[in-house]
Amino acid sequence: MKVNFKLLSNTASLPAYSRAGDACLDIRSDENIVIKAKSFAMVGTGVAVETPSGFEMQLRARSGLAAKHGIGLVNGIGTIDENYRGEIKAVLFNFGEEDFEIQKGDRIAQVCFFKTTEIEPIQVEELSETNRGEGGFGSSGTK
């Protein structure tokens, strides 16, 4: 599937796969920024996208940044809707004890595309019963 990306600055770069077979494309920072320990920052990529109709683009954390430096996305996974045309920004959180420096060109997140389905919300008085029912967190036990 071909997807249109617009570079918003002369230092921005197209998202790209690091290796053949990767599920997501890496997206890079287009700014130099320091994320203070236990703080978050919105990091610009200098990239906008034309997400195809019927799809969403998901912005995801990079596992290497999380494992090595404690850097993750504040909202877990960010959704870029098909009608958004602004700059893609990653709201990164530094879970670590030390400040973390990001340079222009550093890989800061990943982007993946997924099909969406439009639904029609319907209000009802009762939901169908299941064997789980209202059992929530921990309701299936620990082993």
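Things to note:
- Choice from 18, 128, 63 showing the highest fluctuation, given a GNM over the chain with Cα pairs closer than 10 Å: 128
- 42, 1, 57 arranged by Cβ crowding within 10 Å, fewest neighbours leading: 1, 42, 57
- As a rough footprinting exposure proxy, the listed residues 56, 97, 125 were ranked by other beta carbons within 10 Å of their own, and the order from fewest upward is 125, 97, 56.
- The trypsin sites (Lys or Arg not before Pro) found in region 1-72 that occupy coil by DSSP, while having at most 13 further C-beta atoms within 10 Å, are 2, 19, 36, 38.
- Matching the structure-derived mean projected area of the Cα convex hull in nm² against the labelled list (1) 12.7; (2) 7.9; (3) 10.6 gives the label (1).
- Distance in nm between pseudo-label sites at residue 34 and residue 50 (7 Å out along the Cβ direction from Cα): 4.1
- Under the Debye formula (equal points on every Cα, no solvent term), log10 I(q)/I(0) of region 44-111 at q = 0.15, 0.16, 0.23, 0.25 Å⁻¹: -0.50, -0.56, -1.01, -1.13
- Mean separation of Cα contacts under 8 Å, 6 or more apart, over the residue count of the chain: relative contact order %: 30
- Put in order of Cβ neighbour count within 10 Å, fewest first, the listed residues 137, 114 become 137, 114.
- Theoretical gain in end-to-end length, residue 98 to residue 115 [0.36 nm per residue, Cα-Cα removed]: 2.3 nm
- Length gained when the stretch residue 63-residue 10 is fully extended (0.36 nm per residue, less Cα-Cα span): 16.3 nm
- Magnitude of the charge dipole for region 1-141, about its Cα centre and with charges confined to Cβ atoms of Lys, Arg (+1) and Asp, Glu (-1), is about 740 debye.
- Candidate aspartates and glutamates for bridging to residue 2, where Cα separation is under 13 Å - those fewer than 8 sequence places away on the same chain excluded: 50
No lab work stands behind these numbers, since they all come straight from the coordinates. Since the structure is predicted, the reported quantities are computational estimates derived from the model, not experimental observations. No Cβ is skipped: glycine too gets one built from the backbone with ideal geometry, and neighbour counts run over all protein chains shown.
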